[in-house]
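The values are calculated or read from the model by the stated rules, or taken from the named source; none is laboratory data. The structure displayed is predicted, hence computed values, not measured ones. So basically every Cβ, Gly included, is an ideal-geometry build from the backbone, and we count neighbours across all protein chains shown. Please note that ligands, DNA and RNA were not included when accessible areas were found on the heavy atoms of the full protein model with its side chains. Shrake-Rupley method; radii C 1.70, N 1.55, O 1.52, S 1.80 Å.
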Amino acid sequence: LKALRVRRLYLYPRFQDAVRRELEQSPPSVTELHQALSPLQTEIQQCIAAAVQACLRELKQSTHKLEWNTIDGDLNIENCVTTHFDRAIRRQLEHEWHQLTPHTKQLVQDLRTLRTLFQALIRYDCISFWRLLSNIQTMNAGTRHPSLWLLTPAADRMFRKAKERVYRMEHSLKGNGSGGGQLVTVLEENPKWKLVRQVLHEIRQDYDNNNEMTDGPTTALVMVQDDRTLQSLKSYLTGGKKETLALTWLRFLEHKNDRSRSILGQEGLASLSEERRLLYEEEGRTRQILFGDKKKSNTKSNNKNSTTQQKRKAPKLNQVPAYLKKRRRVANEMGRGDLTHQRDDLEREAILDEAVEEVEQDFHQMNSSSSPDDAATARQRTRLGDRLKLARQHDQEADEAMFRVSNPTELRVLIRSYDSVECDYTLLLQDLQPRYIVFYDVDVSFIRSVEMFAALRSTKTIPDIKSYFLIFDASAEEKTFMKALEKEQQAFERLVQHKMTMPPPLLHDTTTTQEIQQAVAQGSASSTYLDGTLPLAFDSSTTATTRKGQGKAVDKRRRDIAVDVREFRAALPSILHQGGMRLAPVTLTVGDFVLSNVHCVERKSISDLYGSFGSGRLNDQAQAMCKFYKEAPCLLIEFDPSKSFCLQNPNELGVDIRQDAICSKMVILIINNPLLRILWSKTPHETLKIFADLKKNHKEVDVAKAVAMGRNESLEALLQGPNVGSSSGDSDDDEEDEVNEAARDMLLRLPGVTLEAARRIMEQVDTLADLADLSREEMRRIAGPVAGQKLFTFFRQQHNSSE
């Protein structure tokens, strides 16, 4: 609000008197239906809460960086299930996140996983929830730091109760005393599914009783949270409980028995455990219940082929032909769609088409067989013609009715998810115009949209909206909904309080305007717009120095810095520019910042430092800086302002060097590069001060020299091959081994010479003159067959003199 210079702020909270009176003129009818959890769901929810408490106890013991005074009051089941509980802990640990142990980080992740289980217990069916738990257990078995809550007694009880919702194992004793296992499928139904069916049945009865009030179709809108819930609820309402859960159960068995099939192919059924064997057998039974036994039907059809061929020769009395059966089936399928005609009308039209076709066949037979002088035949032909004309007229009217716009009065049920709605909720309500709204999953923002939509409707001609809230009693869903209402009220209260204490913004900022105008007048602005009144960029330090020196711009500070262009993605170059430094964006081979001819800085953030140590890139960069800037090669470690100024937890520091410790890696880096200096910076603003201090008493950086530094070395490394830098010798030997850069560049430009060929030529030939005197065979042996032939032809090519 301060940046936008807002002087008047208007707030219209829902609890304001004027807003409340407006919304209460035509409020929607609200019916709250509280559904109790099943006994197994209640026990699972208690197990999840116990696992959360165990994770919090472990988190208290593993770290002392949390301010538990602000969280202890919220350590209850009501706030553990909200979406901000684990985020609040993560927010407090974010400053010390890079210092935490993997055990502590896994505990924070476990809190997020347990919060997800709270929501999945309510929204998923019993099979999907059991599969989710199995996947969590499988993934943790292969990790280096598994979740500790899986080892608690509450987790063991949770897995056992979740399995009992799907199936259970029963052991019975036979007559000989041996025991046999039996798998009993339970497939517990989601309690809210049955409640939805009852609500829709009540809506149907209300619609049948008050159908005269509406002219067009009546819409019942069911709102769910996500597409997964939408598909499961749609499958339940259309196919029923048995079909929906049986299909999900079959998919689970197919996925579960993949490993069993691989074992069966090698060792047989006896190698499977009792539970795996029963699950494998259950897959076949479930498939047979859903789709039937196709093999038996196929064998029966093959046995009856001979008898059916004999029956086809003698058709039965009043037998309907095959093409007429097909036409009736097509009419039945069309009746299932969203056409304007009803199913009975389409069936009658199909029968009428059959009659018309029979009349046309009789008419054509009469024209071909009868004589024109027969009076009885002529009268019959006339009657058939009249019937045919009426039938064609009826067909024409039916075709016109197919394309006529109509508004049928019917009750339609639409299921939508909050995630799939891309537009505003109010626009969705205006488009669908629902009369009944069923909140399968409650969303506060959609509730407010329904209130606004109901207030905008005309209550005289349109009936009131009836809404149904379906909420699990004493569950995570109820706690989350009540918490959302509380947060909504607190947000408005904070806005009202902020409005009371908000200072009015200044209309003009004269200081900034004077500095800009002075920069434009003195020419320190690089370019301007709006007829030269405003600059695109100006040097603030030059402007300030000029104002102090009464027009004489004298700045003795050294402010030139060569910056690698890849560093402009960070915030440091912008801060350096604001601090008065003149930046030269170039492509540097060695270092990220060159402050002077002796200072080269390689900047590393905390995350980049860990990544560079892991890949080994930092050691190569340090060696390059120590080679070209022997006086002051610097490694800048820049911390995040929002995190603590500490590289490693002091409690984890030890005497021995460990490969996984960051401080041990720093020690090894200093041992290998003794000339390297380490710069520690808390924030980018502290880095600006460090750079300014380093530049004192040193000449300005030579940008061209900084750019050229290391480039020739990289090309020389390519030409010398993998043994570069491996030989050691005196300084005299180094001077003798210096490469003539001009001759090397000329060699690379010769036809057919690649880097590999140039490396071999430089190893065996001293000068270009010696290369030109070589024979064809020697050139082909040294440079290769193709490159040697091209070189020999190039050196022996005749140049015709111009006449």
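Per-residue answers, yes or no, for (1) farther than 25 Å from S417 by Cβ; (2) open to solvent by 90 Å² or more (accessible area, probe 1.4 Å); (3) modelled with pLDDT under 85:
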{"residue": "L432", "(1), (2), (3)": "no, no, no"}
{"residue": "R435", "(1), (2), (3)": "no, no, no"}
{"residue": "D441", "(1), (2), (3)": "no, no, no"}
{"residue": "E451", "(1), (2), (3)": "no, no, no"}
{"residue": "S458", "(1), (2), (3)": "yes, no, yes"}
{"residue": "D473", "(1), (2), (3)": "no, no, no"}
{"residue": "A476", "(1), (2), (3)": "no, no, yes"}
{"residue": "K479", "(1), (2), (3)": "no, no, yes"}
{"residue": "M502", "(1), (2), (3)": "yes, no, yes"}
### Task
Identify, by number, the condition in (1) over 24 Å from E32 (Cβ atoms); (2) acidic (D, E); (3) part of a loop (DSSP other than H, G, I, E, B) that D464 doesn't meet.
(1)
### Task
Could you list, in sequence order, all residues of the stretch 553-607 that are under 17 Å from A704 (Cα atoms), surrounded by fewer than 19 Cβ atoms within 10 Å (Cβ to Cβ) and either modelled with pLDDT of 90 or more or out of contact with any Gly (no Cβ under 8 Å at 6 or more places or on another chain) (or both)?
D560, V565, R582, L583, A584, P585, V586, T587, N597, V598
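How many residues, within the stretch 609-628, are hydroxyl-bearing (S, T, Y) and in contact (Cβ under 8 Å) with a residue 40 or more places away in the chain? Working first, answer last.
Narrowing the stretch 609-628 to residues hydroxyl-bearing (S, T, Y): 610, 612, 615.
With the extra rule that they be in contact (Cβ under 8 Å) with a residue 40 or more places away in the chain, the set shrinks to 610.
Looking only at that region, the number is 1.
If you take the residues in the stretch 741-754 that are farther than 12 Å from A783 by Cβ and in a helix (DSSP H, G or I), which one is most open to solvent (accessible area, probe 1.4 Å)?
To start, the set of residues in the stretch 741-754 that are farther than 12 Å from A783 by Cβ comprises 741-746, 748-749.
Imposing the further condition that a residue be in a helix (DSSP H, G or I) reduces the set to 741-746, 748.
Values: E741: 85, A742: 70, A743: 35, R744: 12, D745: 55, M746: 108, L748: 48 Å².
My answer is M746.
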### Query
Which number in (1) under 26 Å from R259 (Cβ atoms); (2) out of contact with any His (no Cβ under 9 Å at 6 or more places or on another chain) marks the one condition that R131 misses?
(2)
### Query
What about Y124, is it touching a strand residue (DSSP E or B) at 6+ places or on another chain (Cβ under 8 Å) and open to solvent by less than 70 Å² (accessible area, probe 1.4 Å)?
no
#### Entry: Any pair with Cβ under 8 angstrom, 6 or more apart, that starts in the stretch 190-203 at a residue that is farther than 18 Å from Q231 by Cβ and ends at one that is of a type in the set (G, A, S) and not in a helix (DSSP H, G or I)
P191/A36; P191/S38; I203/A220
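Would the stretch 370-380 turn up any residue that is modelled with pLDDT under 75, over 27 Å from V199 (Cα atoms), assigned to a helix (DSSP H, G or I) and open to solvent by 90 Å² or more (accessible area, probe 1.4 Å)? Talk me through it step by step, then tell me what you get.
So in the stretch 370-380, the residues modelled with pLDDT under 75 come out as 370-380.
Okay, now just the ones that are also over 27 Å from V199 (Cα atoms), so 370-380.
Those still in the list that are assigned to a helix (DSSP H, G or I) too: 375-380.
After this cut, where a residue has to be open to solvent by 90 Å² or more (accessible area, probe 1.4 Å) as well, the list is 379.
Yes; the residues of the stretch 370-380 include at least one that is modelled with pLDDT under 75, over 27 Å from V199 (Cα atoms), assigned to a helix (DSSP H, G or I) and open to solvent by 90 Å² or more (accessible area, probe 1.4 Å).
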#### Entry: Selected residue (criterion: most open to solvent (accessible area, probe 1.4 Å)) from residues of the stretch 138-154 that are under 18 Å from I44 (Cβ atoms) and assigned to a loop (DSSP other than H, G, I, E, B)
T152
### Close pairs from the stretch 22-48: first over 22 Å from M482 (Cα atoms), partner outside any strand (DSSP E or B) and among the β-branched types (V, I, T), Cβ under 7 Å, at least 6 apart
S26/T459
### Query
Among the residues of the stretch 203-213, is any surrounded by 18 or more Cβ atoms within 10 Å (Cβ to Cβ) and not polar (S, T, N, Q)?
yes
### Message
So, L183, is that one farther than 30 Å from K241 by Cβ, surrounded by 14 or more Cβ atoms within 10 Å (Cβ to Cβ) and either under 26 Å from the mean Cα position of the chain (by Cα) or not polar (S, T, N, Q) (or both) or not?
### Response
no
### Task
Could you tell me whether the stretch 178-189 includes any residue that is farther than 18 Å from E281 by Cβ, assigned to a helix (DSSP H, G or I) and at pLDDT 90 or above?
no
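Take the stretch 82-98 and flag every residue that is β-branched (V, I, T) and at pLDDT 70 or above. Quick ask: steps written out before the conclusion?
The initial filter retains those residues of the stretch 82-98 that are β-branched (V, I, T), namely 82-83, 89.
Of everything in the stretch 82-98, just one residue is β-branched (V, I, T) and at pLDDT 70 or above, namely I89.
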### Message
Would you confirm whether or not the stretch 689-703 contains a residue that is closer than 30 Å to R744 by Cα, in a helix (DSSP H, G or I) and at pLDDT 85 or above?
### Response
yes
### Members of the stretch 597-630 that are more than 36 Å from the chain's Cα centre (by Cα) and in a strand (DSSP E or B)
H599, C600, V601
